[in-house]
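Notes follow the structure.
Bear in mind that the values in this text are calculations on the coordinates, not laboratory data. Just so you know, these numbers come straight off a predicted model, no measurement behind them. Backbone-built Cβ (ideal geometry, glycine too); neighbour counts: all protein chains shown.
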Amino acid sequence: MAKRPLNIALVGYGFMGRTHSNAFLQARRFFDLPFEPILRTVVARNADRVRAFADTWGYQSVETDWRAVVERGDVDLVDIASPNDTHAEIAIAAARAGKMVTCEKPLGRTAAEAQAMVSAVEAAGVANMVWYNYRRVPAVMLLKALIDEGRLGRIFHYRAQFLQDWTISQDLPQGGEGLWRLDAGVAGSGVTGDLLAHCIDTALWLNGSIAEVTAMTETFIKQRTHTLTGKMTPVGIDDASAFLGRFENGSLALFEATRYARGHKALYTLEINGADASARWDLHDLHRLQWFDHRDEGRVRGWRSIHVTDSDHPYMKHWWVPGLQIGYEHTFIHQFADFLIGIGNHVETAPTFRDGLATDCVTDAVLQSAETRQWQAPASHLKVT
Ligand code: SOE
């Protein structure tokens, strides 16, 4: 039977525009979807480059102003993969026009921006989702299942790190295409919103709400040339960010993100310690889950490395044969497939905009705590689905 078309307008053609486009093309080949995704149009300011992007990925048309697409009758879903300062305005306009909206992380530059986006999608009653893709790594999904089954027992500790090293050079400019993450006006914050936000989203999902945090941030390079003006300009982003905290379930949080950990490119690691078992995961070895179960017989007890590639592991029956691993791009394919299947079943797919707001409340609290040198409670303790 012919499937219903789902017409997509993508806004933004950078790294994330590519990951999303790949997901739009691949999801239907590996999952039984209730819709046929159609790459209707892509929007970006540079006309030549957006045309080249459309040719590469198979978009049917191009636009240079997002306002031209959000109300188009032949668009069902607006997907926002443009810099952070554009998220709120586009999402709110798209929701008001009755479109489904998906948005790159962080949802807003601040919780206030994210709250306005949540209000818009909820008032319009449109499907929405934030691309916190690491939830969809099969090994992380397996960990979620093990936690939900109660196999770890009472949780004592959750620790996470996201380490990179790409901004160490002081000659690196800030601002403009590719480097907007270094411009506080555009990005909102530095590693707190960009990297720590991933750690927080996964943690809220796996271990519940965070009650309070005490944080510190640092900006190691205080000024950089701005790409758009050519002038040396103060740097407003945080280069490194770390916090201690408490989860509502009584466990302790220890989180760190930095772009100044020489030698680390995208080392996202997390560990959770319970009374009965512990687990570790590492993005550089993403198909493995390290698992220690204290209930094992003492003589053979120890850390085991689960190769999460078998057909009874999350998502894996959709891919190759047992033992063959998948990678980063598949997390976006899984997330998009889950989103469409959710719409078909009339259920929300997490992380929704409301979940994205919960993370923004924690990142706001982290930044406030670093500034005031006081413990901070996130603005609202929202339910994370
Ligand atoms: C930054 O370098 C970045 O691309 C983030 O923006 C992504 O969210 C993260 O997954 C990888 O690193």
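Things to note:
- Full extension of the segment from Asn345 to Thr56, taken as 0.36 nm per residue of separation minus the current Cα-Cα distance, would add 100.8 nm.
- Computed as a quarter of the hull surface, the mean projected area of the alpha carbon convex hull for the stretch 235-335 stands at 10.1 nm².
- Just so you know, the Cα atoms of the chain work out to an Rg and Dmax of 20.8, 67 Å.
- Difference of contour (0.36 nm per residue) and Cα-Cα distance, Thr229 to Val321: 27.9 nm
- Inter-probe distance in nm under a simple model that places probes 7 Å from Cα toward Cβ, at Asp171 and Leu252: 4.4
- Span-like helix check, the chain: qualifying full DSSP H segments, with Cα axial length of 18 Å or more and mean Kyte-Doolittle of 0.0 or more, are 111-124, 328-344, 353-372.
- Under DSSP loop assignment and at most 13 Cβ neighbours within 10 Å, longest chymotrypsin sites (Phe, Trp or Tyr not before Pro)-free interval of the chain: 1-165
- Multiplying the residue separation of Glu329 and Ala145 by 0.36 nm and subtracting their alpha-carbon distance yields 64.1 nm.
- Label-zone membership for the stretch 290-308, site Asp276, 7 angstrom Cα→C-beta point, backbone N under 12 Å: 293-296
- Bins of 10 Å, starting at 0 and running to the largest distance - Cα pair percent for the stretch 4-133: 14, 47, 34, 6
- Dividing the summed helix terms, -39500 (n - 2.57) for each DSSP H run of n ≥ 4, by the number of residues in the chain produces a 222 nm estimate of -9500 deg cm²/dmol to the nearest 500.
- Here Lys3 is the anchor, and the aspartates and glutamates within straight C-alpha reach of less than 20 Å, apart from those fewer than 8 places off in the same chain, are Asp32, Glu36, Asp74, Asp76, Asp338.
- Calculated from the alpha-carbon coordinates, the stretch 90-199 shows an Rg and a Dmax of 17.6, 50 Å respectively.
- Highest average first, the peptides 228-240, 79-91 ordered by how many other beta carbon atoms sit within 10 Å of their residues are 79-91, 228-240.
- Note on Asp74 and Phe156: the model spin-label points, each 7 Å out from Cα along the C-beta direction, lie 6.1 nm apart.
- Among the trypsin sites (Lys or Arg not before Pro) within the stretch 272-305, those in coil by DSSP and having at most 15 neighbouring Cβ atoms inside 10 Å are Arg295, Arg301.
- Computed FRET value (nearest 0.05) for Glu371 with Arg299, which takes r as the C-beta separation and R₀ as 51 Å: 0.45
- Cβ-Cβ distance of Met216 and Arg4, R₀ of 35 Å, FRET efficiency by 1/(1 + (r/R0)^6): the value works out to about 0.10.
- Summarised in one figure, the compactness ratio Rg/Rh of the stretch 272-382, Cα atoms and Kirkwood Rh, is 1.08.
- Between Gly17, Thr363, His313, the Cα set farthest toward the positive side of the dipole of the chain (charges on each charged residue's Cβ, about the Cα centre) is that of His313.
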